[in-house]
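For reference, the structure discussed in these notes is given below.
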Amino acid sequence: MELAYTCWGIILHILVVPFAVLIAWAIYYDLSKSEIPPGIDQPMKLRLLHWIMIISSSLGKILENLCLCTEIHFVRYTQEGKKRGEDPKLIIQDLTFDDIPVRVYQPRGPKTEQRRRGVIFFHGGGWMFGSINSYDHVCRYIAKESDSVLVSVGYHLAPEQKYPSQFKDCLAASIHFMKTAEDYGVDPASIIISGDSVGGNFAASVCQALVSRSDLTPPCAQILIYPGLQAIDFNLPSYQQNRAVPILYREHVVGSALQYLNKDLSVLDSVMQGCHVPSDVKRKFGKWINSENIPSEFKARGYTPPLTSSFADDVYEVVKQALEPTFSPLMAEETIVSQLPKTCILTCEYDVLRDDGILYKKRLEDNGVPVTWCHIEDGFHGVICLFDGFLAFPSGKKGVDSIVRFLKDL
């Protein structure tokens, strides 16, 4: 018996001590690298969330070094969660649209002649993470509360699939649904394209691709939730102010973009400085992607105009795809932007991508496109996924409810 207790004690030491070190490392990394400004929603809970993310990533790196699995696959596994059970208010189907996995949420209820609106949703996750399952709670809530048929698109992820595969997946799934909308009780004239984070990037790009097509009824609206929309200027006020605010650092935005493009991370610092943008591109798009277009109240927390960077042709050659409209929708031509439908843009004050949304809002309005702007003053990037459960934030609930209101008002 004593031998058994001794063995269990040894095993506990083997397991507990390394895990305690890992927790200590996560806390140290967060406190030394992160900046949580006053005014953010529940700062201690946000730190706890960030610690969990750091631990997950660190465990993934350990397993990768042990050749057991890659860090990316481990983090995906921890984020995936299990598929939820049936919902008494929804009919939920896992299908494929042109070989692309989708999940369709249809509100239950008596059949009527009036067709519902349809919402196509692209999840976030930095091109490499996120899934239909990890966004299931968000999609269920939006579908039920807005009484809409919602299609969640499981586009293929990077780095297994490179740019522009994800955009093409989202476009193909959207076209399929738009052509078959009536099969799901949806009015083809009442389809909304939506997404959060990189999903918001896809939503903007897909909407731009669809507005000129003569074979489809164009989308009636788009919903862009803290979208990343440009790769020209990573020194806008929000990038400076929120550069180290969890859960999205400025360097993570650029690093993820380079991985999506399958490019060498050695150019990361040069891209953050703006060395990848030719002078003719700066002249053409500078009137839209410019800190002068950001209202002064969003510079109150501090903003220093960056020094003019020297153009580096070798850096441009590496990342020039990032300056295409399918990657940077803010760089679309006026003829496209002027055709876009009614838009809802959701931004968060403590998000590096805040100003991308503000700049797109101005550009749309300058082209006569009606914009509903929902700004969450105490919100941070990714918060709509945190509207319920143990790590719920009130700002997340504000976000999903503002989306539901917009849909109901269409």
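The values are calculated or read from the model by the stated rules, or taken from the named source; none is laboratory data. This structure is a prediction, so every number in the text was calculated from the model and none was measured. We place every Cβ from the backbone using ideal geometry, glycine too, and count neighbours over all the protein chains shown.
Against the condition within 17 Å of the chain's Cα centre (by Cα) and either farther than 26 Å from Val337 by Cβ or modelled with pLDDT of 95 or more (or both), how does Leu229 come out, does it pass?
yes
Looking at Ile40, Ile132, can you tell me which residue is assigned by TED's automatic domain parsing to the domain that holds Ile23 and surrounded by 15 or more Cβ atoms within 10 Å (Cβ to Cβ)?
Ile40
Quick test for you: out of Ile193, Ile175, pick the one residue that is assigned by TED's automatic domain parsing to the domain that holds Tyr303, part of a strand (DSSP E or B) and within 23 Å of Ile142 (Cβ to Cβ).
Just a single option satisfies the conditions, and that option is Ile193.
Could you check how many residues of the stretch 364-400 are surrounded by fewer than 15 Cβ atoms within 10 Å (Cβ to Cβ) and either part of a helix (DSSP H, G or I) or on the phi > 0 side of the Ramachandran plot (or both)?
4
Please count how many residues of the stretch 276-294 are modelled with pLDDT under 95, over 16 Å from Gln321 (Cβ atoms) and in a loop (DSSP other than H, G, I, E, B).
Selection size over the stretch 276-294: 5.
What pairs can you find where one residue is in the stretch 182-203 and without any contact (Cβ under 8 Å) to a residue 60 or more places away in the chain and under 22 Å from Tyr350 (Cα atoms), the other is of a type in the set (A, V, I, L, M) and part of a helix (DSSP H, G or I), and their Cβ atoms are less than 9 Å apart, with a gap of 6+ or different chains?
That search, which allows pairs on different chains as well, returns nothing.
For the stretch 233-260, which positions are aliphatic (A, V, I, L, M) and either outside the structural domain of Ala158 (by TED's automatic domain parsing) or buried (at least 21 other Cβ atoms within 10 Å of the Cβ) (or both)?
Leu236, Val245, Leu248, Val253, Val254, Ala257
Please pick out the residue among Phe202, Phe167 that is at pLDDT 95 or above, on the phi < 0 side of the Ramachandran plot, surrounded by fewer than 24 Cβ atoms within 10 Å (Cβ to Cβ) and not in a strand (DSSP E or B).
After ruling out the rest, the residue left standing is Phe167.
Residues Gly60, Gly85, Gly118: which one is over 20 Å from the mean Cα position of the chain (by Cα), loosely packed, with under 15 Cβ neighbours inside 10 Å and either of a type outside the set (Lys, Arg) or not in a helix (DSSP H, G or I) (or both)?
Testing whether each residue is over 20 Å from the mean Cα position of the chain (by Cα), loosely packed, with under 15 Cβ neighbours inside 10 Å and either of a type outside the set (Lys, Arg) or not in a helix (DSSP H, G or I) (or both) leaves just Gly85.
What's the number of the condition Gly302 fails, among (1) surrounded by fewer than 16 Cβ atoms within 10 Å (Cβ to Cβ); (2) within 18 Å of Leu353 (Cβ to Cβ); (3) within 24 Å of the chain's Cα centre (by Cα); (4) not hydrophobic (A, V, I, L, M, F, W, C)?
Evaluating Gly302 over (1) surrounded by fewer than 16 Cβ atoms within 10 Å (Cβ to Cβ); (2) within 18 Å of Leu353 (Cβ to Cβ); (3) within 24 Å of the chain's Cα centre (by Cα); (4) not hydrophobic (A, V, I, L, M, F, W, C) leaves (3) as the failure.
What are the residues in the stretch 148-164 that are more than 18 Å from the chain's Cα centre (by Cα) and either among the basic types (Lys, Arg) or in a strand (DSSP E or B) (or both), if any?
Val149
Could we say that Phe327 is touching an Asp or Glu at 6+ places or on another chain (Cβ under 6 Å) and aromatic (Phe, Trp, Tyr) here?
Considered against the rule, which asks whether it is touching an Asp or Glu at 6+ places or on another chain (Cβ under 6 Å) and aromatic (Phe, Trp, Tyr), Phe327 comes out as no.
May I ask you to verify whether Glu145 is in contact with a helix residue (DSSP H, G or I) (Cβ under 7 Å, 6 or more places away or on another chain), in a helix (DSSP H, G or I) and among the charged types (D, E, K, R)?
In short, yes.
Hey, does the stretch 82-93 have a residue that's among the basic types (Lys, Arg) and touching a Lys or Arg at 6+ places or on another chain (Cβ under 7 Å)?
Yes, the stretch 82-93 contains a residue that is among the basic types (Lys, Arg) and touching a Lys or Arg at 6+ places or on another chain (Cβ under 7 Å).
If we scan the stretch 105-119, do we find a residue that is modelled with pLDDT under 90 and hydroxyl-bearing (Ser, Thr, Tyr)?
Yes, the conditions are met somewhere in the stretch 105-119.
Does Val315 qualify as being touching a Cys at 6+ places or on another chain (Cβ under 6 Å), at pLDDT below 95 and either assigned by TED's automatic domain parsing to the domain that holds Lys168 or assigned to a loop (DSSP other than H, G, I, E, B) (or both)?
Yes.
Determine whether the stretch 221-243 contains at least one residue that is within 22 Å of Gln166 (Cβ to Cβ) and part of a helix (DSSP H, G or I).
no
Within the stretch 328-354, take every residue that is under 20 Å from Arg283 (Cβ atoms) and touching a residue at least 24 places away in the same chain (Cβ under 8 Å) and give me the one that is surrounded by the fewest Cβ atoms within 10 Å (Cβ to Cβ).
Result: Glu334.
Which count do you get for residues in the stretch 205-224 that are surrounded by 24 or more Cβ atoms within 10 Å (Cβ to Cβ) and either touching a helix residue (DSSP H, G or I) at 6+ places or on another chain (Cβ under 7 Å) or among the hydroxyl-bearing types (Ser, Thr, Tyr) (or both)?
Total meeting the criteria: 6.
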